[in-house]
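S.K.: Let me begin by handing over the structure; questions about it come next.
The values are calculated or read from the model by the stated rules, or taken from the named source; none is laboratory data. Note that the coordinates shown come from a computational prediction; the quantities given were computed from them, not determined experimentally. Please note: Cβ atoms are built from the backbone with ideal geometry, for glycine as well, and neighbour counts cover all protein chains shown.
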Amino acid sequence: MNTNPLLSVLIITYNHEKFIGKALDSALGQKTNFDYEIVIGEDCSTDKTRQILLEYKKKYPRKVKLVLQEKNVGPNENFIDTYMACTGKYIAMLEGDDYWTNANKLQTQVDFLESNTGFVIHCHDVERVFDDDCIDAPIIAREKVLKEISDIRDLVNGNFIFTASCVFIKNVKEFPVWFAGSMLTDWLLWLLTTEHGGKILYSKEKMAAYRIHAGGIYSTNNSMSYAKQLEINEGIIFQIENQIQYFNEPYLKEAFKKNLLLKVNKLRILALQNADYKTARPMAAKLIMLAVKQNTNFKIILSAALSYGFPRMHSKYLMKKKDASVAEIEA
């Protein structure tokens, strides 16, 4: 007899001492007519996060399963290990600094997926909760009006799913070897989940809280150092280049190629605005190659050529427009 739970709550956490208790309480407080487990990957936090988790494990030994890393492996490796430890048919994602606000969330989402076999993901809107000094922080992407029903053709242009909102079928058996080096791993997970078909349902109901705080990875772009912005953008480019090679459908490859051009252009301008010619020149060369292949706007090619041939002069011009978007600069 199969004794696996119907659903696994997947939580990855690192230095979430301040938040992890609320996240776990919101998961433990779910009202369901099915069994579910809570699988938590803890990545050698330097605060009391692990101690708190051990206390929850002691209190809820049959419900809580811990994946305790012996050394800090980073969020991607921690995620893979935790994902593989999940035994449910479905997975509900919840990061250690977010929490759920509706006790019927899991029941609602699983009921839908069980009754609608053409769907592989159910997600919803979230509340934004500002902590620390982030009251004026910009909201990350996914603010546009979303379609109720979508699929990978919509997802290919960018992530619109908040992690804490998502329940999905566990159909990824193995992750690409380059997954661990990727930056937008939640977006990649949704792409892999919908790769072979299956629709996404989006609900306007807010059943989770997305916490924006100083320790969040993408919450405070305005205060992020150039080195960190460089790391993130290089990671995104690395991921998209690998996605072009990995996914076989021609329409996916074309969409990723267009996305790659935009990201390379963004990094070129960012580097010039920070007088980083070592990064700007190779990005300009890459941009020219991509733009010619895609037969794109001649102005972008001309701008890239100027960046490559006269980076210092172009840098001075762009530094005056440091707050301008790529679209404004290239217009």
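S.K.: Which condition number in (1) more than 19 Å from the chain's Cα centre (by Cα); (2) surrounded by 20 or more Cβ atoms within 10 Å (Cβ to Cβ); (3) within 23 Å of residue 202 (Cβ to Cβ) is the one that residue 38 fails?
M.R.: So the condition that residue 38 fails would be (3).
S.K.: Of (1) at pLDDT 85 or above; (2) at positive phi; (3) out of contact with any helix residue (DSSP H, G or I) (no Cβ under 8 Å at 6 or more places or on another chain), residue 245 satisfies all except one. Which?
M.R.: Answer for residue 245: the failing condition is (2).
S.K.: Another question about this same structure. Can you tell me which residues in the range 215-231 are crowded, with 16+ Cβ neighbours inside 10 Å and at pLDDT 90 or above?
M.R.: 229, 230
S.K.: Let me ask something else about it. Going residue by residue through the range 94-101, is there one that turns out to be touching a residue at least 60 places away in the same chain (Cβ under 8 Å), surrounded by fewer than 17 Cβ atoms within 10 Å (Cβ to Cβ) and at negative phi?
M.R.: Yes, the range 94-101 contains at least one residue that is touching a residue at least 60 places away in the same chain (Cβ under 8 Å), surrounded by fewer than 17 Cβ atoms within 10 Å (Cβ to Cβ) and at negative phi.
S.K.: Wholly within the range 1-115, which strands (runs of 3 or more DSSP E) include no fewer than the required count, namely at least 3 residues that are β-branched (Val, Ile, Thr)?
M.R.: In the range 1-115, 7-13, 36-42 are the strands (runs of 3 or more DSSP E) which contain 3 or more residues that are β-branched (Val, Ile, Thr).
S.K.: Here are some residues: 68, 106, 53, 24. Which one is surrounded by fewer than 15 Cβ atoms within 10 Å (Cβ to Cβ) and assigned by TED's automatic domain parsing to the domain that holds residue 164?
M.R.: The conditions single out 68.
S.K.: Filter the range 152-171 for residues that are assigned to a loop (DSSP other than H, G, I, E, B) and either surrounded by 19 or more Cβ atoms within 10 Å (Cβ to Cβ) or at pLDDT below 95 (or both) and give the result.
M.R.: Within the range 152-171, 156, 157, 158, 159, 160, 161, 162, 166 meet the criteria.
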